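One structure is given below, encoded as structure tokens.
The values are calculated or read from the model by the stated rules, or taken from the named source; none is laboratory data. Since the structure is predicted, the reported quantities are computational estimates derived from the model, not experimental observations. Note that each Cβ is placed from the backbone with ideal geometry, even for glycine, and that neighbours are counted across all protein chains shown. Areas reflect the complete protein model, heavy atoms only, side chains present, ligands, DNA and RNA absent. Shrake-Rupley method; radii C 1.70, N 1.55, O 1.52, S 1.80 Å.
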Amino acid sequence: MVIHFDSDQQVFHLQGKDTSYCMQIVGSGFLTHLYWGKKITSYHGSNPILFANRRFSPNPDPSDRTFSLDTLPQEYPAYGNTDFRAPAYQIQLENGSTITDLRYKKYFIYKGKQKLAGLPATYIENDHEAESIDIFLEDSLIGLSVILTYTVFESYNVITRSVRFQNQGREQLKIIRALSANIDFRDDQFDFLTLYGAHINERNIERRPVSPGNQSIESRRGASSHQQNPFFALLRKDVTEDHGDVYGFSLVYSGNFLAHVEVDQFHTTRASIGLNPFDFSWKVEPGDFFQTPEVVLVYSSEGLGEMSRTYNELYRTRLCRGTFRDLVRPILLNNWEATYMKFTAEKIMEIAKAGKEVGIELFVLDDGWFGKRDNDKSSLGDWVVNKRKLPNGLANLADKILNLGMEFGLWFEPEMVSVDSDLYRDHPDWCLHVPNRKRSEGRNQLVLDLSRKEVCDYIIQAVSTVLASAPITYVKWDMNRHMTEIGSEKLPKDKQRETAHRYMLGLYYVLEKMITKFPHVLFESCSGGGGRFDPGMLYYMPQTWTSDNTDAISRLKIQYGTSLVYPVISMCSHVSSVPNHQVQRVTSLAIRGHVAMAGNLGYELDLTKLSPQEKDEIKQQINLYKEIRHVVQFGDFYRLLNPFEGNESAWMFVSKDKSEVVMGYFKVLAEPNAPFVRLQLKGLNPDFLYKHIETGKVYGGDELLYVGIALPMLKGDFTSVFWRFRTVEIHLNA
Ligand code: DGJ
């Protein structure tokens, strides 16, 4: 890993593990993009930026009609001075104009990686893990300095980028667009891959060719959203799971975002990502600065699988933090689908006892334990125990659960307020709203205004009081509606468009405080399932409730799509009852277990209603998961069959030393006269011998990789195979 500057050619060369990223200063100080891809030793100008006189592409310098920003591949393009494509940023000046002109000024290379003020970001544990460069661009007319920061990681094919706007002039600057990264590729032979969805149907995979004009995904919902994930990849046309060049863009942010791809008249492709400029602006006073979120760029020359393993590993080890980062996660039992909000302390104890009998390690009390909450019409914000349901209080219940030999966890939805709540009656101005406008409700609730410090402090104090009152070692942090009438009573009128981003900064402030105060608490984020499954939240909470959809068959796609970016350990996955509550499907306990075991396993059903046989099966699943979870949670993840492409799905986990393997195969519908199925495994050491635990047979790693292994004929709908392999010392012929 090294970053160097060739002053003769004016070329910056960032060399990562197996990747190179090159930029060049051309003309009178324009920073251009030269190359991003497989690592090269050095750049000698084999594919220089070419100049031609293109009509209708104007020239900043009239003496050179071949030079136009409209035809230049740029690193951080501006608006208004000869480039007609979408700019990376835009600033309004006091005179009302929106034209700025950035020129290269200087650079600064340093070991390590700096933190981003108030924002989540990937990190390093020692300075040798990464090298960074700050490239300073300047608009000397207005005293604007824009610092592009790039970090190269030693052990990953990752480059992170972020931007800082520093107002060193005398006038107030209003940022109206500030994306985190822009890359101008010099051709358009790409597919655009995104993760789209809906509540209970998150992170479907969409792959389409880029085409002339603009294509984009975004969130305007005040959260990263179920609908689009803050991620996209550009894929060369030949890309498969295991082959081809992939360029991933993942934004470390949990609010409104924009990911934009533009194919221009010359068939070049501009790709950018960052804060959504929609309904956004930010005033920067003289002497002040604005910091954009970080974007994590991943290059893979070995298809989507390798891109995912890079994101998975980086996010597991250098985005997630805290006590639980490197610990196997407890198998939990959650009462939501078992009782919803209709429960008593006795009922909870009955379910918990049944959980203990099957081997559950953590009991989670979900929504309904506070205020006077019996349904979603009241009490959010009133974080005091509901004495009618829990007459002896929370501590008493938690103690009893602890006495059974399990940990105790609790649900909160701290960012919200019910209209019917003491909090709202006391502070009707504490929610996002616009004066004299109706406050639209979602699930009968309003969104607290986290752009206000006093609201953030209330949340910290209210949740902390509960956490300090009982032995609670897990928190599910939920968020169940998106933002409307976005405005803050505290902000002046010319800063109202800062509200949504200020909310996110407020949220990150709250979360940082909470995890610092309660380092022994395992936090799980949730937003109606996976509505905020994004890198921003993972920085504070190392696991996420993947989806409110607990149906095993739906989960095949949801978990497969999620795995494109996010580590399996962060994907919580529960076995629930049948008929499934979201889609009414009836599947076997076996497949429900097998799908959930390909994540961070939990159960979410009334165990007291199950037969002794079913409880016994669950006990066996839990015992099995306890044996394999270190492989599932810390191993490398390989996708074998894509559920978006057909009736089957398969994936596997390989421990880092390649000695342990877990494999799952799933067939959705039965087929008449079905073909025989053989699976070629991935990620094994070809020289190792592997014992197939279920049959005791021994196979060579190369055999499993190249010949593959035959699967049994499966009968019926919704079937699965779940196998383990472990290396053995013996030789086949011994
Ligand atoms: C939405 C979550 O995703 C569910 O798991 C559950 O916690 C409910 N909220 C509770 O209201």
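Quick one: is ASP399 assigned to a loop (DSSP other than H, G, I, E, B) and modelled with pLDDT of 95 or more?
Working: assigned to a loop (DSSP other than H, G, I, E, B): no; modelled with pLDDT of 95 or more: yes.
In short, no.
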Checked the stretch 543-560 for anything within 10 Å of the ligand (Cβ to nearest atom) and open to solvent by 10 Å² or more (accessible area, probe 1.4 Å); matches are ASP548
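Looking at ASP134, is it closer than 19 Å to ALA181 by Cβ and in contact with a Lys or Arg (Cβ under 9 Å, 6 or more places away or on another chain)?
Numbers: closer than 19 Å to ALA181 by Cβ: yes; in contact with a Lys or Arg (Cβ under 9 Å, 6 or more places away or on another chain): yes.
The answer is yes for ASP134.
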In the stretch 447-460, is there at least one residue being away from the ligand (no atom under 16 Å from the Cβ), open to solvent by less than 10 Å² (accessible area, probe 1.4 Å) and farther than 23 Å from TRP282 by Cα?
yes
Taking first residues from the stretch 637-655 that are over 15 Å from LYS682 (Cβ atoms) and second residues anywhere that are of a type in the set (Lys, Arg) and not in a loop (DSSP other than H, G, I, E, B), the pairs with Cβ under 7 Å that are 6 or more apart or on different chains are PRO643/LYS557; PHE644/LYS557; ASN647/LYS667; GLU648/LYS667
Here the residues within the stretch 405-441 that are open to solvent by 20 Å² or more (accessible area, probe 1.4 Å) and part of a strand (DSSP E or B) are GLU407, ASP420
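Table: residues versus (1) in contact with a strand residue (DSSP E or B) (Cβ under 9 Å, 6 or more places away or on another chain); (2) open to solvent by 10 Å² or more (accessible area, probe 1.4 Å); (3) in contact (Cβ under 8 Å) with a residue 60 or more places away in the chain; (4) of a type outside the set (D, E, K, R).
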position	(1), (2), (3), (4)
ASP64	no, yes, no, no
THR71	no, yes, yes, yes
PRO77	yes, no, yes, yes
ALA88	yes, no, yes, yes
ILE91	yes, no, yes, yes
SER97	no, yes, no, yes
LYS115	no, yes, no, no
ILE133	yes, no, yes, yes
ILE142	yes, yes, no, yes
Expected output for the stretch 495-515 (first residue closer than 28 Å to LEU173 by Cβ and outside the structural domain of LEU275 (by TED's automatic domain parsing), partner open to solvent by 20 Å² or more (accessible area, probe 1.4 Å) and among the hydroxyl-bearing types (Ser, Thr, Tyr), Cβ below 6 Å, 6+ apart or cross-chain) is THR499/SER451; ARG502/SER451; TYR503/SER451; GLY506/SER451
For the stretch 366-386, the count of residues that are within 14 Å of the ligand (Cβ to nearest atom) and among the basic types (Lys, Arg) equals 2
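Return yes when HIS581 is within 16 Å of the ligand (Cβ to nearest atom), out of contact with any strand residue (DSSP E or B) (no Cβ under 9 Å at 6 or more places or on another chain) and open to solvent by 10 Å² or more (accessible area, probe 1.4 Å) and no when it is not. Talk me through it step by step, then tell me what you get.
Numbers: within 16 Å of the ligand (Cβ to nearest atom): yes; out of contact with any strand residue (DSSP E or B) (no Cβ under 9 Å at 6 or more places or on another chain): yes; open to solvent by 10 Å² or more (accessible area, probe 1.4 Å): yes.
Considered against the rule, which asks whether it is within 16 Å of the ligand (Cβ to nearest atom), out of contact with any strand residue (DSSP E or B) (no Cβ under 9 Å at 6 or more places or on another chain) and open to solvent by 10 Å² or more (accessible area, probe 1.4 Å), HIS581 comes out as yes.
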query = Based on what the data block shows, is VAL358 more than 23 Å from MET514 (Cα to Cα) and β-branched (Val, Ile, Thr)?
reply = yes
Taking the stretch 282-300 and keeping residues open to solvent by less than 10 Å² (accessible area, probe 1.4 Å) and either of a type in the set (Asp, Glu) or at pLDDT below 95 (or both) leaves GLU294
Of the candidates SER563, SER611, SER570, the one satisfying the condition of being open to solvent by less than 30 Å² (accessible area, probe 1.4 Å), farther than 21 Å from LEU641 by Cα and not assigned by TED's automatic domain parsing to the domain that holds SER219 is SER570
Flagged pairs (Cβ under 9 angstrom, 6 or more apart or on separate chains; first in the stretch 517-533, closer than 17 Å to TYR566 by Cβ and among the polar types (S, T, N, Q); second more than 16 Å from the ligand (Cβ to nearest atom) and open to solvent by 10 Å² or more (accessible area, probe 1.4 Å)) are SER525/TYR540
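Restricting attention to the stretch 327-350, which residues are touching a helix residue (DSSP H, G or I) at 6+ places or on another chain (Cβ under 8 Å) and either basic (Lys, Arg) or under 23 Å from GLY599 (Cα atoms) (or both)? Lay out the reasoning, then the answer.
Residues of the stretch 327-350 that are touching a helix residue (DSSP H, G or I) at 6+ places or on another chain (Cβ under 8 Å), as a first pass: 328-329, 331, 333, 335, 338-339, 345, 347-350.
Once the filter is applied, which keeps residues that are touching a helix residue (DSSP H, G or I) at 6+ places or on another chain (Cβ under 8 Å) and either basic (Lys, Arg) or under 23 Å from GLY599 (Cα atoms) (or both), the stretch 327-350 yields VAL328, ARG329, ILE331, LEU333, ASN335, ALA338, LYS347.
When you look at TYR706, is it open to solvent by 50 Å² or more (accessible area, probe 1.4 Å), at negative phi and hydroxyl-bearing (Ser, Thr, Tyr), yes or no? Even if it seems obvious, please write down each step before you answer.
Numbers: open to solvent by 50 Å² or more (accessible area, probe 1.4 Å): yes; at negative phi: yes; hydroxyl-bearing (Ser, Thr, Tyr): yes.
Here the answer is yes, as TYR706 does meet what is asked.
In this structure, is GLY409 within 14 Å of the ligand (Cβ to nearest atom) and within 21 Å of PHE343 (Cα to Cα)? It would help to see each step written out before you state the result.
Working: within 14 Å of the ligand (Cβ to nearest atom): yes; within 21 Å of PHE343 (Cα to Cα): yes.
Yes: the conditions hold for GLY409.
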Taking first residues from the stretch 463-484 that are over 21 Å from VAL447 (Cβ atoms) and without any contact (Cβ under 8 Å) to a residue 60 or more places away in the chain and second residues anywhere that are β-branched (Val, Ile, Thr) and away from the ligand (no atom under 16 Å from the Cβ), the pairs with Cβ under 9 Å that are 6 or more apart or on different chains are LEU467/VAL521
Self-check item: Residue in the stretch 634-642 that is under 24 Å from GLY593 (Cα atoms) and charged (D, E, K, R) present
Solution: yes
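I'd like the full set of residues that are among the aliphatic types (A, V, I, L, M) and closer than 16 Å to THR317 by Cα, limited to the stretch 560-582.
Here is the first cut: in the stretch 560-582, the residues among the aliphatic types (A, V, I, L, M) are 564-565, 568-569, 571, 575, 578.
Matches in the stretch 560-582: VAL565, VAL568, ILE569, MET571.
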- prompt: Mind checking whether some residue in the stretch 345-358 is more than 16 Å from the ligand (Cβ to nearest atom), assigned by TED's automatic domain parsing to the domain that holds LEU234 and β-branched (Val, Ile, Thr)?
  reply: no
Going through the stretch 663-679 in order, the residues found to be open to solvent by 80 Å² or more (accessible area, probe 1.4 Å), of a type outside the set (Asp, Glu) and assigned to a loop (DSSP other than H, G, I, E, B) are LEU669, PRO672, ASN673, PRO675, PHE676
